[in-house]
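Asker: Handing you a structure now.
The values are calculated or read from the model by the stated rules, or taken from the named source; none is laboratory data. Remember, predicted model here, so these are calculated numbers, not experimental data. All Cβ positions, even for glycine, are placed from backbone atoms using ideal geometry, and neighbour counts span all protein chains on display. To get the accessible areas, we keep the full protein, side chains included, count just its heavy atoms, and leave off ligands, DNA and RNA. Shrake-Rupley method; radii C 1.70, N 1.55, O 1.52, S 1.80 Å.
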Amino acid sequence: MRYPLRIILVVLVISSIFAMSSASLFAQEGSLEVVPGGAVYGTALSADGALWVVGTRDAIVNAYDDAGNVLWTFEPDSTVWSVATSADGSRTAVASEDRHVYLLDAQGLPLWSYRSSRIFVDVAMSADGSRVIASDENRDLILLDGVTGTVLWQKRLLDTADTVDIYGDESMRILVGSRDAYLTAYTESGDIDWQVRYAADVIDVAMTPDGTRGIIATLDGLITLINGADGATIWQDTPPQAPNCTARDRNFCLRVDISGDGQQLLIGTLDSNIYILDALNGDIVQQQVLERSVTSVSIAVDGSVLLYGDRNGNVRILQMEASAANFAAQQDSQRLELMTIMGTVVVALGVFTLWTRRTTRGRQFWQVLSRPSKQRLQVMWRSRVAYFLILPTLILLLVFNYYPAASGIYHAFTKWIPGIETEWVGLDNFRDIANSPYFFVGIRNAVILAFAAFIKLAVPLLVAELIFHIRNGIVSYTMRTLFIIPLVLPSVVTILLWVNIYDPNIGLLNQTLNALGLTDLARSWLGDRNTALPAIITIGFPWVSPFALLIFYGGLVAIPDELLDAAKVDGATPWMRFWRIDIPLIMGQIRLLTILAFIGSLQEFQSIFLTTGGGPGNATYTPALELYYQATRFNNFGLSSAMGAVLFFAILGGTLLNLRALRSRAEYIPG
Amino acid sequence: MATRLYENLDAAASSSSTRAKARRQFDQTLIIGVLIGLLLVTLVPIVLMLVMSFKDNGQIYGRFWSLPNPVRWLNYESGISVMSGYIRNTLAYSAISVVAVVILSSLTGYAFARHQFPFKEPLYLGVLALLMIPGVLTLIPSFVLVKELGILNTPWALILPWTSGGQVIGTLLCRTFFATLPQEIFDSGKIDGASEFQLYSRIAVPLSFPILTTLAIMHLVATYNDFIWPLLTISSPNLQVVSVGLTQFTSQFGITDWGPRMAAYVVATIPLLILFMFGMRYYVRGITAGAVKA
């Protein structure tokens with residue numbers, strides 16, 4: 001009777017996973033065209049794409065609503081090189097050849113202006129409008145307060161910055177791409193956060209408002225997707241028809257923008273091509289050849305509006321309705337999720353009902369459960385004190401322990417960018433794990449580490465035995481205390497000390513080898529593929545773990561004296577006594593320590609991270625390290641969760657195996 | 001049969017002949033010798049750290065094997081100035097968390113041990129089940145949770161999860177202990193008119209002082225040593241804890257200045273040293289008690 005139900009349940013679960021992973025979204029297009037007057041040099045969009053700002057060579061700045069009607073016009077004295085708006089569109093910054101940066105309000109009236117001695121090349125505004133960054137031809141970089149227009153700081157760069165951007169909400173960053181091929185990120189106070197060098201001048205940059213992703217265009221026709229936290233390259237590519245950029249065209253050769261969710265890229269080139277790319281892998285989603293050179297591109301935060309202006313002065317606006325489609329698709333997948341959950345609950349209830357009706361145990365359970373509930377509630381009310389006492393603990397545990405565990409397992413099946421999206425992808429993450437070369441190296445290393453950790457337990461066992469054999473109580477106590485001294489060192493200090501010991505120049509190991517004349521053996525222990533992992537395993541030599549020592553010793557002490565005396569009387573040698581009595585009787589402790597060593601070694605992070613970081617190459621990679629990197633460097637939170645889930649099941653399985661394998665019939669359970 | 005046994009015992013007892021005694025003495029000396037050998041090897045890194053902390057780069061690179069001469073106290077000045085902020089932070093966060101864990105664990109353990117209420121056992125099993133969940137599974141989701149709660153890069157990002165983690169073991173320890181207290185103590189208290197709260201605070205808590213101290217020390221050591229969680233959640237150097245701070249300050253000194261770095265390591269060790277000087281007994285007792293129960 002049970003089998004059909006199980007089959008139904010399994011089929012239901014599998015089909016729902018497939019259904020969700022194939023949820024697709026469709027985009028509808030509508031396009032408009034406006035003609036502001038003059039070649040379009042700068043474009044900007046409010047976050048939702050409802051406000052469009054266009055700046056032209058003929059010194060016109062026009063703001064349009066999403067139907068293409070002109071809301072206001074602003075005319076500086078000369079060519080507009082760049083425009084920027086705040087996320088809500090209430091503020092607009094204009095960089096003009098008349099050597100001014102203007103800040104306009106929602107009606108297009110200037111609130112303040114800043115004058116420089118040279119022409120301003122690019123301007124950017126933070127999403128909340130509080131900061132405006134501008135760069136001019138004189139290699140100046142100026143940060144202005146968005147509200148008052150006062151100069152917060154001014155820097156003289158080594159070379160002109162052709163492109164700037166501001167991103168980040170709590171920790172603002174200012175991104176500057178300059179003619180010397182450097183991309184520099186400054187903090188709000190003007191300190192350099194990170195810097196990356198490219199092969200050619202940086203001519204355009206765009207970052208997502210939260211700073212996770214950015215797109216960089218360089219004069220050699222390459223576009224690079226970077227991680228905003230440290231500037232690391234995620235991928236790099238050239239558009240199919242790579243534009244031949246000359247220094248003269250640097251401002252219009254290759255124009256880029258990225259949607260706020262980091263999903264889409266809009267690329268416009270001097271040779272009249274428009275590309276829409278999938279930001280995650282650089283695949284071209286759409287491509288169009290126009291009749292005119294594209295001079296400026298903008299894409300809204302949610303990717304719903306794409307805007308590009310060209311040399312002839314036309315601005316084309318594509319309204320993807322993608323936001324609506326996205327929303328609908330999300331609703332669809334959410335509905336599917338809900339249906340699956342409800343379906344599972346219904347099936348579970350069905351199984352439960354059948355169980356309580358049809359089986360004896362079930363019937364008994366139901367009887368116990370359905371005692372008069374009023375009585376039960378009364379009992380609960382009377383013991384309300386107890387519930388209050390445990391309430392704070394339960395709340396803490398629920399929030400900080402149970403919820404993350406459940407969240408981890410759930411998100412293992414999703415593509416997860418926290419705060420931005422969670423998309424069900426079924427078993428994709430697990431497929432990626434299986435295909436990843438790093439993961440298998442990691443497993444190999446983890447197994448080696450686990451095995452080594454088990455072997456390393458022999459030393460504290462030996463020491464515990466030796467101490468146990470000491471007759472003098474004072475000496476025994478002193479020895480125990482002395483061996484606990486290493487506990488005093490913080491674990492990080494221990495690891496860093498061993499990094500020092502392994503140092504090729506002044507490390508104790510190499511110095512000793514040299515002093516003994518064995519100079520040939522001296523090497524870079526952590527830098528050599530063959531010795532890195534053994535070196536990490538050897539950390540802590542001679543591995544007398546105070547924790548294990550105390551546990552073993554406690555177990556030995558608990559052996560009743562009669563057994564030991566009887567053994568002595570029977571003429572047992574110490575060796576025999578060790579194997580026949582001690583080991584079986586402390587099996588409980590051995591089991592505990594083995595399981596803890598196993599769990600610890602699979603999750604090993606500190607010692608690898610602080611010594612080699614996984615290198616050289618991937619010689620010392622572990623799964624926990626990969627998990628950390630995927631989340632922090634690549635923002636693959638879903639993949640990270642999947643790894644966590646895999647490790648969880650591995651640990652669970654390993655622990656059960658350990659419990660089985662180390663069972664002993666002679667186990668002594670006191671009490 | 002009995003005679004045989006006694007004969008054997010006699011034989012065993014009479015092995016107090018001089019030769020056997022000398023043999024036993026030799027065995028003992030051998031044991032102690034081996035132990036001292038292992039101990040010295042274990043202490044080598046610590047000695048290394050201390051010696052290097054008083055040298056400057058010239059001495060380290062030039063005269064590696066000699067004792068520091070002159071002794072460079074300056075290293076400790078920089079070590080202290082760099083580490084004091086981190087240590088202050090860590091001790092503050094850990095102290096708050098320890099107090100919270102001790103209070104909450106004793107309350108919860110007391111409730112589980114001395115009260116009966118519906119669903120008591122399932123709830124307790126639920127708490128124990130958390131021991132099965134490894135850190136890797138909850139690491140990233142906890143990070144996201146902390147971010148969404150808006151406490152990322154604040155002390156609370158450390159204090160709350162630390163407290164929650166310590167609760168599991170704390171409740172276990174406290175419940176086991178409170179269950180061993182005889183009912184008569186509480187009965188006599190009730191007869192004397194004590195309220196529930198007084199029963200807890202005047203009777204149960206004072207008696208559990210040793211176990212609470214053990215719990216406090218174990219939790220303090222655990223939070224002091226935590227590395228990956230503060231690494232993940234704290235990005236401001238002035239909020240950072242010791243374990244991560246040790247890896248971050250190197251930029252101040254440059255990569256090759258080992259003397260001040262070693263001094264900083266020593267300074268970072270001092271709080272734990274002080275803790276163990278006073279609390280070693282409790283910590284050892286805690287672990288050995290756990291050993292017997294294993």
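Asker: If R₀ is 51 angstrom, what is the calculated FRET efficiency for the pair A:Leu109 and A:Leu427, using the beta carbon separation as r and rounding to 0.05? Present the calculation step by step, with values, prior to reporting the outcome.
Answerer: Working: r = 56 Å, r/R0 = 1.11.
That pair, A:Leu109 with A:Leu427, gives E of 0.35.
Asker: If each DSSP helix of 4+ residues adds -39,500 (n - 2.57) and the sum is divided by the residues in the protein assembly as shown, what number results at 222 nm, nearest 500 deg cm²/dmol?
Answerer: Counting only the DSSP helices, I get -16500 deg cm²/dmol.
Asker: With a point put 7 Å past each Cα toward its Cβ, work out how far A:Gln154 is from A:Val345 in nm, to one decimal.
Answerer: 6.5 nm
Asker: Under the rule that a partner needs its Cβ under 4.7 Å from the first Cβ, which Cys of the protein assembly as shown have none?
Answerer: B:Cys174
Asker: Label-point separation (nm) for B:Met277 and B:Val47, each offset 7 Å from Cα along Cα-to-Cβ?
Answerer: 2.2 nm
Asker: So how exposed is A:Val205, as accessible area in Å² (1.4 Å probe, rounded to 10)?
Answerer: The value for A:Val205 is about 10 Å².
Asker: Grab the Cα-Cα distance for A:Thr519 and A:Asp169, subtract it from 0.36 nm times how many residues apart they are, and report the gain in nm with one decimal. Each step should come with its number before you reach the end.
Answerer: Working: separation 350, 0.36 × 350 = 126.00 nm, distance 5.46 nm.
Taking 0.36 nm per residue and subtracting the Cα distance, the gain is 120.5 nm.
Asker: Here is a follow-up. Return the single residue from B:Leu212, B:Leu35, B:Leu91 with maximal mean-square fluctuation; model: Gaussian network over chain B, springs between Cα atoms under 10 Å.
Answerer: Checking each option, the largest mean-square fluctuation is seen for B:Leu35.
Asker: Just subtract the alpha-carbon distance of A:Asp561 and A:Asn138 from 0.36 nm times their residue separation and send over the number in nm, one decimal. Write down the numbers at each step before the final one.
Answerer: Working: separation 423, 0.36 × 423 = 152.28 nm, distance 8.90 nm.
Contour length minus Cα-Cα distance gives 143.4 nm.
Asker: Averaged across A:466-476, how many Cβ atoms of other chains sit within 10 Å of each residue's Cβ atom?
Answerer: Values: counts 6, 3, 1, 4, 4, 5, 2, 0, 0, 4, 2.
Counting other chains' Cβ atoms within 10 Å and averaging over A:466-476 gives 3.
Asker: Not counting ligands, DNA or RNA, and with a 1.4 Å probe, what is A:Ser90's accessible surface area in Å² rounded to the nearest 10?
Answerer: 40 Å²
Asker: First measure r as the distance between the Cβ atoms of A:Gln195 and A:Trp235, then evaluate 1/(1 + (r/R0)^6) with R0 = 30 Å and state the FRET efficiency to the nearest 0.05.
Answerer: Working: r = 20 Å, r/R0 = 0.66.
Once rounded, the FRET efficiency stands at 0.90.
Asker: Can you give me the solvent accessible area of B:Met49 with a 1.4 Å probe, rounded to the nearest 10 Å²?
Answerer: About 10 Å², rounded to the nearest 10.
Asker: Next question, about the same structure. Given the peptides A:590-596, A:443-449, arrange them by the average over their residues of other C-beta atoms within 10 Å, most packed first.
Answerer: Numbers: A:590-596: 20.3, A:443-449: 18.1.
Sorting A:590-596, A:443-449 by mean packing, highest first, produces A:590-596, A:443-449.
Asker: I need to check one value: relative contact order of region B:74-293, counting alpha carbon pairs closer than 8 Å and at least 6 residues apart, in percent. Don't skip to the end; give the middle numbers.
Answerer: Working: 187 pairs, mean separation 86.5, N = 220.
Relative contact order for region B:74-293 comes out at 39 percent.
Asker: Now a separate question. Go through region A:518-528 residue by residue and turn each phi into a ³J(HN,Hα) via Karplus (6.51, -1.76, 1.60, θ = phi - 60°); whole Hz please, and just put x for glycine and proline.
Answerer: 9, 4, 5, 7, 5, 7, 7, 5, 8, x, 9
Asker: To continue, here is another question. List every residue whose amide H lies under 5 Å from the amide H of A:Leu152, counting only residues 5 or more places away in sequence or on a different chain, with H placed 1.01 Å from N in the peptide plane.
Answerer: So A:Leu152 has HN proximity to A:Leu143, A:Leu144, A:Asp145.
Asker: Span-like helices, chain A: DSSP H, alpha-carbon axial extent 30 Å or more, mean Kyte-Doolittle -0.5 or greater, which ones?
Answerer: Working: long enough: A:322-358 (53 Å, 0.44); A:637-661 (35 Å, 1.48).
Both cut-offs are met by A:322-358, A:637-661.
Asker: Per 10 Å bin, what is the whole-percent P(r) computed from every C-alpha pair distance within the protein assembly as shown?
Answerer: 2, 9, 16, 18, 18, 15, 11, 7, 3, 1, 1, 0, 0
Asker: Leaving out same-chain residues fewer than 8 places away, which aspartates and glutamates sit with a Cα under 18 Å from that of A:Lys155?
Answerer: Of all the aspartates and glutamates, those that pass the test against A:Lys155 - Cα under 18 Å, at least 8 places apart if same chain - are A:Asp122, A:Asp136, A:Glu137, A:Asp140, A:Asp145, A:Asp165, A:Asp180, A:Glu188, A:Asp191, A:Asp193.
Asker: I'd like the FRET efficiency for A:Phe454 and B:Ser188, computed as 1/(1 + (r/R0)^6) with the beta carbon distance as r and R0 of 60 Å, rounded to 0.05. Each step should come with its number before you reach the end.
Answerer: Numbers: r = 51 Å, r/R0 = 0.85.
With a Förster radius of 60 Å, E is 0.75.
Asker: Short version: ³J(HN,Hα) in whole Hz for each residue of region B:188-200, in order, from phi by Karplus 6.51 cos²θ - 1.76 cosθ + 1.60 (θ = phi - 60°), x for Gly and Pro, what are they?
Answerer: So the Karplus estimates, Gly and Pro as x, are 5, x, 5, 4, 6, x, 6, 7, 4, 5, 5, 4, 5 Hz.
Asker: List the aspartates and glutamates whose Cα lies under 12 Å from the Cα of A:Lys415, skipping any in the same chain that are fewer than 8 positions away.
Answerer: The reachable aspartates and glutamates, counting only those whose Cα sits under 12 Å from A:Lys415, are A:Glu423, A:Asp428, A:Asp432.
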